[in-house]
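Shown next, in structure tokens, is the structure this report addresses.
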Amino acid sequence: MLRSTFSPLIFLILFLIPSIHLKAQSNITLYRDSIVLSNAFLSRNLDLTGNGIATTKYINLKTGQNYTAKGSEEFSVKVNGYRITGADIYNFLILGPISVDSMQTGCKKLTVSLTGLPDKWAANLVLNLEYRIYDDHPVIRKFIHIENRSDADIYITDLDVENLQLLAVSEYMTNVYANYGTSLYRIPYTGDYYDAALLVYNENEQEGFILGNEAPSVLKKTDIYPVEEKITIGMKHLGDDYPFKKFLKPGEKFSSPGTFICFFDGPKWQEAFEGPLADFTRDHFGTRLFERDSYPLFYYCTWNPFRTNINERLVTELADALDSTGVEVLILDDGWQDNRGDWNPDKEKFPNGLLRVCEHIRSKGIKPGMWFTIATIDSSSRIYHEHPEWAIRDSSGNPVDIHSPGWENHVSMSMCSGWYDYILEKLSLYVGALKLGYVKLDFATAVSAYVMDPAVSGDYHFDGKGYPDHESSHYAIFEATIKLLDELHNRHPNLIIDCTFEVWGRYNISDFALIQHADVSWLTNYEFPPPRGPISIRQVLGERANVIPPATMLIGNQLMISDNHEFAYQSVASSVQLLCGDVRGITPEQKQWYKKWTDWYHEMEDKYSYTRFYQKSDMFNKPTLNNWDGCYKINPGKEGGILFFYRNNSPDEIRTFRVHCVNDATTYSVYDPMTKVEIGRFSGLELREEGIKIQIDSINTAKVLGIELID
């Protein structure tokens, strides 16, 4: 067997003792022939003997169940067409240094390094397996890093970062909760772009695990029991639609998107998502928005009703009207520019440019924001005529609009061409010169949200771009898009970047890759008037919120002034407030109403960070036109937050709802935030078991209440 030897390095394993609230501690213990990663929740044994590396035990320490079976390959990947797995890796690579590092507070990292054998095809290949374990979370995260030390290009395909025999106790009564945790499927199941996290749950034993996939958009693939008890987490293989393929030049390195496995036990499967998964995404996941000390809670956008018909006078009047409403960002949507591509202000609409307008917006205490297409531009633009070689082309060699094929006078530019530097500098120029607080990046880059034919995606023209074939263009373009988001953040740390679902290539999509690199995602638009529009917003928000933090989702386009605009505002308030409309006729009373509510939401955010929480469990049904619905946004650690209740067109004026996300021994005050009238005082146990009675006298009305600890 070809592997290195090393001295035993034993770490003390300290288990969590709930009664005295000790912090759990993660440990990575190195033995001669194995490695154990453990914390209070789980233990994973990596065996280093035989022909390779394999997980031989993966134990849920809360239940004592070992979820693994023999035959795990640990990972799998093809390099230049040769398949490598953990099970046979010593046939091609030799085990090198093994290191343990503390990455950050509460996280330890294990790196297992392997280098190619000199007499094998893998000579000059370096492959590192990286595992991360966390003190207070039942999670192990994993990455694969590959370096090309040869003097020739190599290519990587068919990547499964995790490839394990992993079963939640038994196949009997094991189900999969997919599509953002909203749909139940029988095994086997293959997860795709809507499956950033899948719950595999045994209904009999009431335990299981979440499989997390951090690959972007349509590239992600999670297979559950395609063969026996095998699970894989990675990216699409050659032969799949939108396959992953990555070329490495000599000296280049590749780091895979992350994967993770999160253990859960409990009688309510919903709480796997809003419990350990949500805790992890808040604490250690690298959610971009949550790395900020604060962020806007109230956005206004010009798109509805003005569409592209905006000008200097209109925007100035809108800013005046929005003064003292609590709006923090005014977004100039499509229509400010001369064309998509050159990105100059329209001289007829904005004869004095945009600086004066943005200064006026800021004078009202509001940050200006602007809309751009990230890659789809007008074919009449100067930049396209100067650089037609940057364009994406179809299989016939013609320039193509990836976003909406057949849309006249538009073309998509490749993010892996000189277009990248051009659009980065253009965006950075506007952000710096106009002191923008927000940019909205829109339209497709590699895959369209509106085109289901995989042949109409990616690029078929490769000269001067960062990919040599169509198969590798999808990942390369997404990779470049992510790089642009990161570079914009590096240059402008205070900038809120909105990467819309259209950029990510599927309708209503958000995923882990997106929220790790952009702050928010414009998820969709509903322009139906209340009550239908607000209910639709809460439907899509509730569906995505099992997996994606609602604070990262923007949903348009309800109006600030309309019949029952209060219902619209309180509906988007369960994520982040985004409204539109011609507000030039807003009354002082309406301004005061918005300002009082927004100030209170900010007060609660400062106290409890409520936007980082979203709890429903099985307490609320999916919103419909004729029922009640709601959600809680309570910070259990700080013991306070907000309760949202919505009576739709239901005949019931009174409903009783249990509140499950409180601490039994704590006494809480529940109150009306506008009148400061206390609804009642309740122990956490009362709220859990008996619930709270909510009365809403009128249909299609929201009731929003504060809940806080009584000292």
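The values are calculated or read from the model by the stated rules, or taken from the named source; none is laboratory data. Keep in mind that this is a model prediction, so the values were computed, not measured. Every residue, glycine among them, receives a Cβ derived from its backbone with ideal geometry; neighbour counts consider all protein chains shown.
Filter segment 307-333 down to residues that are in contact with a helix residue (DSSP H, G or I) (Cβ under 7 Å, 6 or more places away or on another chain) and within 19 Å of L554 (Cβ to Cβ) and give me whichever is surrounded by the most Cβ atoms within 10 Å (Cβ to Cβ). Among them, the one singled out is L332.
Name the residues in segment 358-371 that are touching a Leu at 6+ places or on another chain (Cβ under 8 Å) and either of a type in the set (S, T, Y) or crowded, with 19+ Cβ neighbours inside 10 Å (or both), would you? First the steps, then the outcome.
Let us first name the residues in segment 358-371 that are touching a Leu at 6+ places or on another chain (Cβ under 8 Å), namely 358, 361, 364, 366-371.
C358, I361, I366, K367, P368, G369, M370, W371 - these are the residues of segment 358-371 that are touching a Leu at 6+ places or on another chain (Cβ under 8 Å) and either of a type in the set (S, T, Y) or crowded, with 19+ Cβ neighbours inside 10 Å (or both).
Tell me which residues, restricted to segment 487-528, are of a type in the set (S, T, Y) and closer than 20 Å to G258 by Cβ. Spell out how you get there, then give the answer.
Filtering segment 487-528 down to residues of a type in the set (S, T, Y) leaves 500, 507, 510, 521, 524, 526.
Result: S510, S521.
With the condition being of a type in the set (D, E, K, R) and in contact with a helix residue (DSSP H, G or I) (Cβ under 8 Å, 6 or more places away or on another chain), I'd like the strands (runs of 3 or more DSSP E) fully within segment 541-648 carrying at least 2 qualifying residues.
Numbers: elements: 553-556, 577-579, 628-635, 640-647.
Strands (runs of 3 or more DSSP E) meeting the threshold: 628-635.
Of the residues making up segment 649-683, those that are within 20 Å of W600 (Cα to Cα) and in a strand (DSSP E or B) number 7. Of everything in segment 265-289 that's hydrophobic (A, V, I, L, M, F, W, C) and within 14 Å of the chain's Cα centre (by Cα), which residue is modelled with the lowest pLDDT? Only one residue fits best here, namely F285.
Restricting to segment 44-77, name every residue that is under 30 Å from P250 (Cα atoms) and surrounded by fewer than 18 Cβ atoms within 10 Å (Cβ to Cβ). Don't jump to the end; show me each part of the working.
Narrowing segment 44-77 to residues under 30 Å from P250 (Cα atoms): 48, 51-54, 73-77.
Residue satisfying the conditions is N51 alone.
List the strands (runs of 3 or more DSSP E) that sit entirely inside segment 90-179 and contain at least 1 residues that are assigned by TED's automatic domain parsing to the domain that holds E73 and within 22 Å of G286 (Cβ to Cβ). Steps first, answer last, please.
Working: elements: 93-104, 107-116, 125-134, 139-148, 154-165, 174-178.
In segment 90-179, the matching strands (runs of 3 or more DSSP E) lie at 93-104, 107-116, 125-134, 139-148, 154-165.
Which one of Q615, Q592 is surrounded by fewer than 16 Cβ atoms within 10 Å (Cβ to Cβ) and either assigned by TED's automatic domain parsing to the domain that holds F645 or polar (S, T, N, Q) (or both)?
Details: Q615 fails: surrounded by fewer than 16 Cβ atoms within 10 Å (Cβ to Cβ).
That would be Q592, the only listed residue that is surrounded by fewer than 16 Cβ atoms within 10 Å (Cβ to Cβ) and either assigned by TED's automatic domain parsing to the domain that holds F645 or polar (S, T, N, Q) (or both).
Considering (1) under 30 Å from the mean Cα position of the chain (by Cα); (2) in a helix (DSSP H, G or I), the lone condition that L318 does not fulfil carries the number (1).
Counting only strands (runs of 3 or more DSSP E) that sit wholly inside segment 232-281, those with at least 2 residues that are in contact with a helix residue (DSSP H, G or I) (Cβ under 9 Å, 6 or more places away or on another chain), touching a residue at least 12 places away in the same chain (Cβ under 8 Å) and closer than 30 Å to C416 by Cβ are 245-248. Annotation for segment 636-651: at least one member residue is under 16 Å from I707 (Cα atoms), in contact (Cβ under 8 Å) with a residue 60 or more places away in the chain and of a type in the set (G, A, S). Criterion applied to S34, S26 was being surrounded by 23 or more Cβ atoms within 10 Å (Cβ to Cβ) and touching an Asp or Glu at 6+ places or on another chain (Cβ under 9 Å), and the one residue passing it is S26. Under the condition of being out of contact with any Ser or Thr (no Cβ under 9 Å at 6 or more places or on another chain) and free of Cβ contacts under 8 Å to residues at least 40 places away in the same chain, the residues counted in segment 71-97 number 3.
The selection criterion, being in contact (Cβ under 8 Å) with a residue 24 or more places away in the chain, buried (at least 24 other Cβ atoms within 10 Å of the Cβ), part of a loop (DSSP other than H, G, I, E, B) and touching a strand residue (DSSP E or B) at 6+ places or on another chain (Cβ under 9 Å), does not hold for I537.
Filter segment 269-306 down to the residues that are among the basic types (K, R) and surrounded by 15 or more Cβ atoms within 10 Å (Cβ to Cβ), then identify the one that is nearest to N557 (Cα to Cα). I'd like the intermediate steps shown before the answer.
Filtering segment 269-306 down to residues among the basic types (K, R) leaves 282, 288, 292.
Checking the rest, the ones that are also surrounded by 15 or more Cβ atoms within 10 Å (Cβ to Cβ) come to 282, 288.
On the way: R282: 28, R288: 24 Å.
Across segment 269-306, the extreme among qualifying residues is R288.
Here's the yes/no breakdown for (1) part of a loop (DSSP other than H, G, I, E, B); (2) under 30 Å from D459 (Cα atoms):
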site: Y194; (1), (2): yes, yes
site: G212; (1), (2): no, yes
site: K221; (1), (2): no, yes
site: V227; (1), (2): yes, no
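Which residue is nearest to F567 (Cα to Cα), if the candidates are limited to segment 501-534 and must be charged (D, E, K, R) and part of a helix (DSSP H, G or I)? Restricting to residues being charged (D, E, K, R) and part of a helix (DSSP H, G or I), the top hit is R532. Which residues, counting only those in segment 335-355, are in contact (Cβ under 8 Å) with a residue 40 or more places away in the chain and within 24 Å of A391 (Cβ to Cβ)? Across segment 335-355, the qualifying residues are N339, R340, G341, D342, W343.
There is no residue in segment 454-467 that is hydrophobic (A, V, I, L, M, F, W, C), modelled with pLDDT under 95, surrounded by fewer than 17 Cβ atoms within 10 Å (Cβ to Cβ) and on the phi < 0 side of the Ramachandran plot. Consider segment 656-711 and keep the residues that are in contact with a Leu (Cβ under 7 Å, 6 or more places away or on another chain) and among the acidic types (D, E). The one that is surrounded by the most Cβ atoms within 10 Å (Cβ to Cβ) is D672.
Scanning segment 36-70 for residues that are small (G, A, S), assigned to a strand (DSSP E or B) and free of Cβ contacts under 8 Å to residues at least 60 places away in the same chain gives S43, A54.
On the stretch given as segment 163-178, residues that are without any contact (Cβ under 8 Å) to a residue 40 or more places away in the chain, touching a Phe, Trp or Tyr at 6+ places or on another chain (Cβ under 8 Å) and surrounded by fewer than 17 Cβ atoms within 10 Å (Cβ to Cβ) total 0. If you filter segment 637-655 down to residues that are basic (K, R) and under 33 Å from the mean Cα position of the chain (by Cα), you find that the one that is surrounded by the fewest Cβ atoms within 10 Å (Cβ to Cβ) is K638.
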